[in-house]
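S.K.: One structure, pasted below without further comment.
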Amino acid sequence: MNKNIKLAVAGAVLALSASANAGIIIPAGDWTLDVNGNVNAFANFTKAKGDSSATITGGETPARQAHEDTIVGINTGLLPSWLGFTGTTRQNDTDVSFTISMQPNVSDNSVHGDAKTPLFRQSFLTFGDKSWGSIKLGKDLGIFAGDAILNDMTLLGVGAGASISGQATTLGGIGYGYIYPSWKGQIAYTTPNFNGFQATIGITNPNQASGAALTAGASVYQDRFGVEAKASYAFNADNFSGKLWVSGASYDISQTTAVSYSASVADLGANINAGNVGLTGYYYSGEGVGTTTFGALGATTAGAKRDSDGGYLQATYILPTKTKLGLAYGVSKLDRVGAEADTLVKENERITVGLYHPLTKHLNLVAEYNDVSSKNHANAERDARTGSLGAILFF
């Protein structure tokens, strides 16, 4: 499997699929250039149900409209289409690399079809050696919760959030079992690999975290960097392999002289593979971190922190046809503070059934069914069921 694609998230998908492949390798003097990525697209059919009049602040499930309860669209899935460039070289006993990537959309709702500009989720350099570790500087996937999304089977497909046509990506399990790690400016150190054990610690751009009042520009003047860290242990013996990990994050959020609080969260997870069977379990718990994206709805406008937790369970089995059958359940919960309004989201919940078939070494056909719901603290509920058909091609 190509290490550089893994850095671009797509490789982590390949590690979970049966179609691992290398990128396009180009020797260039002292450098080796790897051009890699994917293209994917899905037709999505969503049926919205539940209380169309319910207010669910932070609910990710779409409301049923008075004139129509069916929503269709053609989008990329959880993983955007991807074009990545990684250059590697070894100089003065040091491994040096750079990665730059872009993520074009496959659809939008404009009359001309060209309203969406590409995302640029990666721009970082690394240097190091296997004897002492490596240092990363630049924009890449966050350290906390990174393994939660990389082990989500819906990276090959759609998951939740397919009900809005023309958007850049869907949600997968984001907000339905884990908090989005986001793409962050960071300076991070990763230890050498000690017989499967490895750890990373880094400082991150502090303005990633959403504040309580969610006022534009309110989180611009933070007084310290965010801190994120992870420790993991990976093993591989005969027909049995897996990975265990723990990670965490801490941020200070200051919006006004009267609103200042800390946001902290920790998680743990495991991915185990034995023969054709794969099992993943994940759990997180935090204060002030909110739900779906880091810090969103994490505190009241007065700065009182809300507790949140969630997780997901996932099982996969590779059939004799090489088709991977997957079943996943995830939930994200958010508590109120005192006598807050009961319109605040209580939980977002998801069940996914997926079929992922490697038609060729590089091309996967995908069929998914997602049943999602959002409930507020008055127990008013919105439900949506989505069927998705499409394909994802890696190169």
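S.K.: Where in region 351-395 is the amide nitrogen less than 19 Å from a point lying 7 Å along the Cα-to-Cβ axis of Ile26?
M.R.: Answer for this model: 394-395.
S.K.: While we're looking at this one, here's another question. Once region 24-98 is represented by equal point scatterers at the alpha-carbon sites, with solvent omitted, what log10 I(q)/I(0) does the Debye formula produce at q = 0.14 Å⁻¹?
M.R.: Debye intensities relative to I(0), on a log10 scale: -0.66.
S.K.: While we're on this one: In whole angstrom, note down how far apart the Cα centers of region 75-120 and region 312-341 are.
M.R.: 27 Å
S.K.: Would you mind ranking Thr301, Thr88 so that the residue whose beta carbon has the fewest other beta carbons within 10 Å leads the list? Intermediate results must be reported in sequence, preceding the final value.
M.R.: Working: Thr301 13, Thr88 17.
Fewest to most other Cβ atoms nearby, the residues stand as Thr301, Thr88.
S.K.: From the helices alone, meaning DSSP H stretches of at least four residues, give me the mean residue ellipticity at 222 nm for the chain, per-run term -39500 (n - 2.57), in deg cm²/dmol to the nearest 500.
M.R.: -1000 deg cm²/dmol
S.K.: A further question on this structure: Full-extension gain between Thr57 and Ala339, please, as 0.36 nm times their residue separation minus the C-alpha to C-alpha distance. Let's see the in-between values first.
M.R.: Numbers: separation 282, 0.36 × 282 = 101.52 nm, distance 1.55 nm.
Full extension of this stretch gives 100.0 nm more.
S.K.: Give me His67, His357 ranked fewest to most by other Cβ atoms within 10 Å of their Cβ, as a rough exposure proxy. Don't jump to the answer; show the numbers that get you there.
M.R.: On the way: His67 4, His357 19.
By the 10 Å Cβ count, ascending, the order reads His67, His357.
S.K.: Now for a different question. Once amide H atoms are built 1.01 Å from N in the peptide plane, which residues 5 or more positions from Gly73, or in another chain, come under 5 Å H to H?
M.R.: Excluding prolines and chain starts, which carry no amide H, the hits are Asn44.
S.K.: With +1 on the Cβ of every Lys and Arg and -1 on the Cβ of every Asp and Glu, and nothing else charged, how large is the dipole of region 3-394 about its Cα centre, in debye rounded to the nearest 20? Can you show the working numbers first?
M.R.: Numbers: 27 positive and 31 negative charges, 99 e Å.
Here the size comes out at about 480 debye.
S.K.: By count of other Cβ within 10 Å, fewest leading, how are Ile201, Ile149 ordered? Display every interim value, and only then the final one.
M.R.: Working: Ile201 15, Ile149 24.
Lowest count first: Ile201, Ile149.
S.K.: Lys and Arg at +1, Asp and Glu at -1: add these up for the other residues within a Cβ distance under 13 Å of Val353 and post the number. Walk me through the numbers on the way to the answer.
M.R.: Numbers: positive: Lys324, Arg350, Arg385; negative: Glu368, Asp371.
Computed value for this residue: +1.
S.K.: Hey, what did region 236-336 get for relative contact order, percent, Cα under 8 Å, at least 6 apart? Show your work: numbers first, answer last.
M.R.: On the way: 236 pairs, mean separation 21.4, N = 101.
Averaging sequence separation for qualifying contacts and normalising by length gives 21 percent for region 236-336.
S.K.: Near the amide H of Gly226, under 5 Å away, which other amide H atoms are found, from residues 5 or more places off or on another chain, if H is placed in the peptide plane?
M.R.: Correct list: Thr204.
S.K.: So which of Lys116/Lys184; Lys47/Lys322; Lys184/Lys346; Lys130/Lys230; Lys324/Lys361; Lys47/Lys375 end up more than 25 Å apart by C-alpha?
M.R.: Result: Lys47/Lys322; Lys184/Lys346 exceed 25 Å.
S.K.: Additional query: How high is the relative contact order of the chain, given as a whole-number percent (alpha carbon pairs under 8 Å, six or more residues apart)? Please list the in-between numbers first.
M.R.: Numbers: 1200 pairs, mean separation 69.5, N = 395.
Relative CO of the chain lands at 18 percent.
S.K.: Once the convex hull of the alpha carbons of region 290-395 is built, what does its volume come to per residue, in cubic angstrom? Please report the intermediate quantities before stating the final value.
M.R.: Details: hull volume 12.1 nm³, N = 106.
Enclosed volume per residue, from the Cα hull, is 114 Å³.
S.K.: Once each part is reduced to its C-alpha centroid, what is the distance from region 161-196 to region 352-395 in angstrom?
M.R.: Each part's Cα centre sits 17 Å from the other's.
S.K.: Sticking with this structure for a sec: With equal scatterers on the alpha carbons only and no solvent term, can you work out the Debye log10 of I(q)/I(0) for the chain at 0.13, 0.14, 0.15 1/Å?
M.R.: Values returned for q = 0.13, 0.14, 0.15 Å⁻¹ are -1.16, -1.35, -1.53.
All of the numbers you see were taken from the coordinates with simple rules; none came from a lab. Model, not experiment: these values are computed from the prediction. Here Cβ is always computed from backbone atoms with ideal geometry, including for glycine, and neighbour counts include all displayed protein chains.
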